[in-house]
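One structure below.
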């Protein structure tokens, strides 16, 4: 049986479409382009995307923005992925997206744009929408030129090693003093340089890793209790995870599970 994505249209207007999609593990999509601009949030799983000679990998809450016609290739992770994509008609929004189109392809690691896309999903699928749909779309587009996604200059090699060490050590991640000692630098210097090149402080980066681990488990381990997911991801309990998730992307663990309900039997 050939691998192929499955999608469901949540919202369709003249200007935008909101698409929920499931990608099976191991799917490889060769170079292709689209006749629309797109903003995609990885809800769970992972994707490696290549544009020209550049390759980027994104996991939960990574936001990928592409302009119209950008040719790209995708390799989806072993466990597949679930996504929310906003497809934007370039003619309808050309006069409103100038600030969001400085470069044709952007990976954002953070919560603000992801939160706005998830809030749009919630607004469309709920009778109690907290804001007009078009306002939420404008909020998404307006946040795409945030400077915290890109940093000038090359980081020291120890920054990359520290990032990988934090990603590998789950759920209890090493302290800043330990990472600084391994890097052979003073903890204050470590924290300053880490923030400059990663975009957030080491403690915030560790917090985001815990949240992303919880999101993957919420989407993938659907029979596990939320308390079990919380402990496995490094949170104290159900309430702790709930507070962190609501503060980061404005939804509860239960709502996130609803958003990531599988579309096809292959999904975890």
Practice item. For the range 128-151, state whether one or more residues are modelled with pLDDT under 65, surrounded by 15 or more Cβ atoms within 10 Å (Cβ to Cβ) and either touching a strand residue (DSSP E or B) at 6+ places or on another chain (Cβ under 6 Å) or more than 30 Å from residue 258 (Cα to Cα) (or both). Key: yes
Revision key, fill the gap. Here the residues within the range 177-189 that are closer than 25 Å to residue 235 by Cα and crowded, with 18+ Cβ neighbours inside 10 Å are 179, 180
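Can you tell me which residue among 117, 185 is modelled with pLDDT of 85 or more and within 16 Å of the chain's Cα centre (by Cα)?
117
State yes or no: is residue 219 on the phi < 0 side of the Ramachandran plot, in contact (Cβ under 8 Å) with a residue 40 or more places away in the chain and surrounded by 20 or more Cβ atoms within 10 Å (Cβ to Cβ)?
Yes: the conditions hold for residue 219.
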Check your understanding: If only one of 203, 255 is touching a helix residue (DSSP H, G or I) at 6+ places or on another chain (Cβ under 9 Å), more than 21 Å from residue 78 (Cβ to Cβ), in a helix (DSSP H, G or I) and in contact (Cβ under 8 Å) with a residue 60 or more places away in the chain, which one is it?
Key -> 255
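Here is a yes/no grid of residues against (1) under 18 Å from the mean Cα position of the chain (by Cα); (2) closer than 24 Å to residue 114 by Cα; (3) not in a loop (DSSP other than H, G, I, E, B):
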| position | (1), (2), (3) |
| --- | --- |
| 158 | no, no, yes |
| 178 | no, no, yes |
| 189 | no, no, yes |
| 194 | no, yes, yes |
| 211 | yes, yes, yes |
| 217 | yes, yes, yes |
| 224 | no, no, no |
| 239 | no, yes, yes |
| 251 | yes, yes, no |
Check your understanding: Going through the range 160-169 one residue at a time, which ones are over 19 Å from the mean Cα position of the chain (by Cα) and either at pLDDT below 85 or exposed (fewer than 14 other Cβ atoms within 10 Å of the Cβ) (or both)?
Key -> 160, 161, 169
Check your understanding: Could we say that residue 35 is out of contact with any helix residue (DSSP H, G or I) (no Cβ under 9 Å at 6 or more places or on another chain) and over 19 Å from residue 140 (Cα atoms) here?
Key -> no
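The values are calculated or read from the model by the stated rules, or taken from the named source; none is laboratory data. Bear in mind that the values here come from a model prediction, so they are computed numbers and not experimental data. Neighbour counts run over all protein chains shown; Cβ positions are idealised from the backbone, glycine included.
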